[in-house]
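To keep things clear, I will list the structure first and then write my remarks on it.
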């Protein structure tokens, strides 16, 4: 069965600092991987997705993620965090339905 | 283009009452999904429609939950009678292509926050 683990429940980062959110997946075949973000009062918004090809995927809002099959990981990164990046981030793997991790809440301090 | 909309945004009901949640997917999207997030837990899949047909309802918790999708357009999720453990956020999502649903981006609505007292 497919599953996703996000080891970090909460991360606090200073504005302008870099951010990395961890995601580990379990899936028998080639995974279809997604990162979504939920800002307060909003729905889930897709940041980026990986199906195949280049293992470094660029997304919206300056985010990128790297697929590493050997580590079963799909970590999300941003070089310089803005206060508006404070939100909850979800990694998910697709088997037409999405299986989500527990989410990582990011707090940005000034 | 309008996104996925859900109504109501919040609902507070008492145990034993009935609640109906509505989802309007993006126009032209044949795939419609319901998910739920109970407080402190992961977002979990409930069911999947392709047009008006239920493709997978393996995530529905029990027979107190009934989902419909009239004419392949909007969908409703009814909980009758509601129990305390039904509290959570109910998300609806839609995607366009039924031929390769794994690869399709699912677009989410803002969710309905249900509180059962």
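For the stretch B:1-57, give me every one of the strands (runs of 3 or more DSSP E) that falls completely inside it and has 2 or more residues that are more than 30 Å from residue A:10 (Cβ to Cβ) and more than 13 Å from the chain's Cα centre (by Cα). First the steps, then the outcome.
Values: elements: B:5-7, B:10-13, B:19-24, B:31-37, B:43-50, B:53-56.
Filter on the stretch B:1-57 gives B:53-56.
What strands (runs of 3 or more DSSP E) lie completely within the stretch B:61-117 and have 1 or more residues being more than 14 Å from every other protein chain (Cβ to nearest Cβ) and within 16 Å of the chain's Cα centre (by Cα)? Don't jump to the end; show me each part of the working.
Values: elements: B:65-69, B:75-79, B:88-95, B:112-116.
Filter on the stretch B:61-117 gives B:65-69, B:75-79, B:112-116.
Please enumerate the residues belonging to the stretch A:36-47 that are within 17 Å of residue A:82 (Cβ to Cβ) and either more than 8 Å from chain B (Cβ to nearest Cβ) or loosely packed, with under 12 Cβ neighbours inside 10 Å (or both).
Within the stretch A:36-47, A:37, A:38, A:39, A:40, A:47 meet the criteria.
Name the strands (runs of 3 or more DSSP E) wholly inside the stretch A:8-94 in which the number of residues that are touching a strand residue (DSSP E or B) at 6+ places or on another chain (Cβ under 6 Å) and over 30 Å from residue B:6 (Cα atoms) is 1 or more. It would help to see each step written out before you state the result.
Details: elements: A:10-14, A:19-21, A:24-26, A:32-38, A:44-50, A:56-58, A:64-68, A:73-78.
Here the list reads A:10-14, A:19-21, A:24-26, A:56-58, A:64-68, A:73-78.
Residues checked against (1) at pLDDT 95 or above; (2) over 20 Å from residue A:38 (Cβ atoms):
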position	(1), (2)
B:2	no, no
B:13	yes, yes
B:22	yes, yes
B:36	yes, no
B:56	no, yes
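So for the stretch A:6-22 (the condition being over 18 Å from residue A:107 (Cα atoms) and either in contact (Cβ under 8 Å) with a residue 40 or more places away in the chain or exposed (fewer than 11 other Cβ atoms within 10 Å of the Cβ) (or both)), does at least one residue qualify?
Of the residues in the stretch A:6-22, the ones over 18 Å from residue A:107 (Cα atoms) are none.
Checked against the condition, which is being over 18 Å from residue A:107 (Cα atoms) and either in contact (Cβ under 8 Å) with a residue 40 or more places away in the chain or exposed (fewer than 11 other Cβ atoms within 10 Å of the Cβ) (or both), the stretch A:6-22 yields no hits at all.
The values are calculated or read from the model by the stated rules, or taken from the named source; none is laboratory data. Note that this is a predicted model, so its numbers are computed, not measured. Backbone-built Cβ (ideal geometry, glycine too); neighbour counts: all protein chains shown.
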